[in-house]
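In what follows, a structure is listed as structure tokens, so that the remarks can point back to it.
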Amino acid sequence: MSEIYDVIIIGAGPGGLAAGLYAARARMKTLILEKEKAGGQIVTTDEVANYPGSVENASGPSLIARMVEQADEFGAERKLDTIKEVELNGEIKVLKGEKGEYKAKSIIIATGARPRPIGCPGEKELTGRGVSYCATCDAAFFEDMEVYVVGGGDSAVEEAMYLTKFARKVTIVHRRDELRAAKSIQEKAFKNEKIDFLWNSTITELKGDGILESMVVKNTVTGEETEIHANEDDGTFGVFVFVGYTPETKLFEGLITMEGGYIKTDDDMKTNIPGVFAAGDCRVKSLRQVVTATADGAIAAVQAEKYINEAFDV
């Protein structure tokens, strides 16, 4: 007979890890399941300056490493597996993964979100060959080259500034004529001599034989298309895409109430299914940041404990 956990957390990003350490610290039998490695989107971030209390020059990986350490210290188990099927309506929830089956009295979904692609021809074929979704991961490959950043929000502008440490020139490609990023971030970008802007523009095609060599840019006002080629000496350039995220919630479609693919919860992280909670970027919310994900995780864990105490007469 397989063991039954008090709570199983799906996902080991900030929300999942916070839920794990809170649940384990409350002496609940806790399992954190992650399909790849702990961290979620934040491990691709070079600097985390807006997480309260973080040390000077804190990075995404260093912050996650400490969260993992804390979850482990409090006794949370962690396993790598990809969940393929879920049974959430019974008193005991069942998760079926590639490596095994897991049972729990409560579930916290913290599956996060993944970068949204441009969606143009050539993008998929040239991903990792000039096209990237992670400046921290790939910036060094474009040392002293030209790079283009697609997007106009906080992430896009912040990553553009980070890329100036490596590239000789960074051009932000935005479909509108003004950025959506916070004013303080915009001000820094406008002052950076290495950053240029391509306003009212979208990329309609990426071209190259095994490596990115050119891209077609369309003016959203005039409809005119222009092909931009790599510098002859460089032979290639970088396109870094930061146009939002898609929630990792397909597994729960038709089972849990959603809105635009994001899981709907109340303020206590409760979904429409008793004993099932959601935390972090996968749920409907106004702000997706590490600080809100960790808060979600803490709330979800506390509410999971209350649910177990009431539902199982503990």
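The values are calculated or read from the model by the stated rules, or taken from the named source; none is laboratory data. Here the structure is a predicted model, which is why all the values come from computation and not from measurement. Counting neighbours? That spans all protein chains shown, and the Cβs are built from the backbone with ideal geometry, glycine included. The area values use the complete protein model at the heavy-atom level, side chains included, leaving out ligands, DNA and RNA. Shrake-Rupley method; radii C 1.70, N 1.55, O 1.52, S 1.80 Å.
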Rounded tilt (10° steps) of 14-25 against the dominant C-alpha axis of the chain: 20
Helix-derived [θ] at 222 nm for the chain: sum -39500 (n - 2.57) over DSSP H runs of at least 4, divide by residue count, nearest 500? -7000 deg cm²/dmol
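Over the chain, with the other protein chains present, what is the accessible area per residue in square angstrom, probe 1.4 angstrom? All intermediate terms of the calculation are to be shown ahead of the outcome.
Numbers: 15680 Å² over 314 residues.
Value returned for the chain: 50 Å² of accessible area per residue.
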Cα centroid separation, segment 7-57 to segment 77-129 (Å): 16
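Rounded if a/c is under 1.5, else prolate if a/b beats b/c, else oblate: with a ≥ b ≥ c from the C-alpha gyration tensor eigenvalues square-rooted, which is the chain? Walk me through the intermediate numbers first.
Details: a/c = 2.32, a/b = 2.06, b/c = 1.12.
Because a/c hits 1.5 or more and a/b exceeds b/c, the chain counts as prolate.
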Could you work out how far helix 60-73 tilts from the main Cα principal axis of the chain, as a 0 to 90 degree angle to the nearest 10? 10
Straight-line reach only, C-alpha to C-alpha below 18 angstrom: list the aspartates and glutamates that LYS191 could link to, leaving out same-chain residues fewer than 8 apart. ASP154, GLU158, GLU159, ASP177, GLU178
Please report the antiparallel percentage of DSSP beta bridges with both residues in the chain, rounded to the nearest 5. 40
Calculated SAXS-style log₁₀ I(q)/I(0) at q = 0.12, 0.19, 0.21 Å⁻¹ - segment 169-238, Debye, Cα scatterers: -0.39, -0.86, -0.97
State the three equivalent ellipsoid semi-axes of segment 83-130, derived from the C-alpha gyration tensor as the square roots of 5 times its eigenvalues, in descending order and whole Å. 36, 12, 9
Any lysines whose Cα falls less than 19 Å from that of LYS79, other than same-chain ones fewer than 8 residues away, would be LYS29, LYS35, LYS37, LYS93, LYS96, LYS99, LYS103, LYS105
Highest-MSF residue in the chain out of ALA279, ALA110, ALA38 [GNM, Cα springs under 10 Å]: ALA38
If you count, for each residue, the other Cβ atoms within 10 Å and average over each peptide, how do 63-75, 6-18 line up from highest to lowest? 6-18, 63-75
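Once you have a ≥ b ≥ c as the square roots of the Cα gyration tensor eigenvalues for segment 162-314, tell me rounded if a/c is under 1.5, and otherwise prolate or oblate according to whether a/b is larger than b/c.
prolate
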Heavy-atom accessible area of the chain with neighbours in place, 1.4 angstrom probe: carbon+sulfur share in percent works out to 46
Zero-based 10 Å bins, Cα pair distances in segment 1-79, whole percents: 21, 47, 25, 5, 1
Could you work out how far helix 290-311 tilts from the main Cα principal axis of the chain, as a 0 to 90 degree angle to the nearest 10? 20
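For segment 271-314, which chymotrypsin sites (Phe, Trp or Tyr not before Pro) are both in a DSSP coil and crowded by at most 14 other Cβ atoms within 10 Å? Show your work: numbers first, answer last.
Values: sites: PHE277, TYR307, PHE312; in loops: PHE312.
Taking segment 271-314 and a limit of 14 other Cβ atoms within 10 Å, the loop chymotrypsin sites (Phe, Trp or Tyr not before Pro) found are PHE312.
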Going by the alpha-carbon gyration tensor, a ≥ b ≥ c the square roots of its eigenvalues, is segment 1-153 rounded (a/c under 1.5) or, if a/c is not under 1.5, prolate (a/b greater than b/c) versus oblate? oblate
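What's the local net charge at LYS194, with K and R +1, D and E -1, over the other residues with C-beta under 15 Å away?
Details: positive: LYS165, ARG168, LYS169, LYS188, LYS191; negative: GLU143, ASP144, GLU146, GLU158, GLU159, GLU193, ASP196.
So the environment of LYS194 carries a net charge of -2.
How big is the C-alpha Rg of segment 50-132 next to the rule-of-thumb value 2.2 N^0.38 Å, as a ratio? Walk me through the intermediate numbers first.
Working: Rg = 18.5 Å, N = 83, 2.2 N^0.38 = 11.8 Å.
Segment 50-132 yields a ratio of 1.57.
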